[in-house]
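In what follows, a structure is listed as structure tokens, so that the remarks can point back to it.
Laboratory data are not the source of any read-out in this text; all were calculated from the coordinates shown. As the structure is a prediction and not an experimental result, all values here were calculated from the model. Heads up, the Cβs are rebuilt from the backbone with ideal geometry, glycines too, and the neighbour counts pull from every protein chain shown.
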Amino acid sequence: MPIVNGLRVVRSSVHGYGLIAERRFELGEVLIRAEGFIYGEDEPFDDTYALVLPTDDLPGQPGKLIFYDLVDQSRWINHSCEPNTHVASALDQESGKPVAWWEATRIIEPGEELFYDYAFVGSVAEPCACGTASCRGLIVDPDPAELLNVPEKLRGHLRIPMPGSEKIRAVG
């Protein structure tokens, strides 16, 4: 896969490796387009570096999950509860396959690490190490329905209220 100009893989202070900007990116600018392999929800594969893509606009696919196993620099974009990018996706009309790309959600200066909100479904939530002021404590979609699916053993990590709870859990 070709290296994308303006981005570099480095050791991350948040988790393992990360992707940093080597130049300024403007709000709404596309930073990188994903390259990878597409798997259906019933196909075996290692989902460590996979995006879950919506299937709403794919013929015959509503309600199914599609996994995009990333093989380029985009695989090194870490999670943050205060991301500076988001993932967009669409159906490529020529190929009939989904495509994904990352866009800046604010100005990103050289040296900044890129982040997006992984927003895992509750059943596969993981502890979060982003360290931001609004960290949820878990890498999880904050939708109340997803929070109810967080395994009991991980709920103590949450720093946002569970549905039906009025208390916010203490940090730490």
Summed residue charge, Cβ within 15 Å of LEU114's Cβ, Lys/Arg positive, Asp/Glu negative: -3
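What does the net charge come to around PRO142 if you take all other residues with beta carbon closer than 13 Å to its beta carbon, with K and R at +1 and D and E at -1?
Details: positive: ARG136, ARG159; negative: GLU82, ASP117, ASP141, ASP143, GLU146.
Spelling it out: positives minus negatives among the neighbours equals -3.
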Centroid-to-centroid separation of segment 70-84 and segment 8-26 [C-alpha atoms, Å]: 9
Summed side-chain charge close to ALA125 - residues other than ALA125 whose Cβ falls under 11 Å, Lys, Arg +1, Asp, Glu -1: 0
